[in-house]
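For reference, the structure discussed in these notes is given below.
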Amino acid sequence: MISTIGSWVVASDRSDTIRGLHGTGIWVEIVTLLIPGFNDSDDELRRLAEFLVSVSPDIPWHVTAFHKDYKMSDPADTKASDLMRAAEIGKSAGLRYIYAGNLPGRVGDLEDTHCHNCGHTLIRRNGYFIHEYRLTLSGHCPDCGTPIPGCWAEKFEGQIADRPFLPGRERKLITIP
């Protein structure tokens with residue numbers, strides 16, 4: 001996964017890296033930390049989304065919320081409505097898989113994976129929990145048969161964590177059915 005902040009992907013040679021990785025068949029997902037007043041203008045989000053579509057409309061775009069933490073106490077936290085606005089911009093640009101993250105339960109169905117052909121929910125999530133997994137063994141939509149781009153296992157075997165990994169903390173990984 002390659003992380004981005006704003007349009008640095010579009011404005012630099014990193015765009016060549018994304019094109020190159022995708023062109024060699026490496027699975028690429030883009031994460032954009034949406035920071036109010038820094039990289040959240042409609043124009044900047046549209047340019048980033050259009051760049052991603054120019055590589056492939058199937059590249060997942062994760063827009064995530066900034067929150068004040070540690071020594072960075074400005075600007076204000078990103079609102080759920082800002083993530084949903086960014087997702088709409090991405091959808092209008094032609095991206096098929098857009099996720100609004102780290103505000104569980106506050107972004108509608110933007111935590112879920114939907115079939116880009118028929119629109120049915122394939123993976124239903126809330127935060128880091130997977131509540132429903134409906135892909136076929138070969139990674140297709142069970143309703144219309146459309147292949148869903150991604151790296152899929154033959155079957156969902158439960159998840160091994162209920163929150164992100166935090167370095168320096170001991171944790172035993174367990175399978176959550």
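Remarks
- Residue that is surrounded by the most Cβ atoms within 10 Å (Cβ to Cβ), among those in the stretch 35-73 that are closer than 29 Å to GLY25 by Cβ and among the aromatic types (Phe, Trp, Tyr): TRP61
- Among the residues making up the stretch 42-84, those that are in a loop (DSSP other than H, G, I, E, B) and β-branched (Val, Ile, Thr) are ILE59, THR78.
- Here ILE59, ILE98, ILE148, ILE89 are screened, and the one residue that is modelled with pLDDT of 95 or more, outside the structural domain of LEU48 (by TED's automatic domain parsing) and of a type in the set (A, V, I, L, M) is ILE148.
The values are calculated or read from the model by the stated rules, or taken from the named source; none is laboratory data. Here the structure is a predicted model, which means the values were calculated and not measured. Note: ideal-geometry Cβ built from the backbone for every residue, glycine included; neighbour counts use all protein chains shown.
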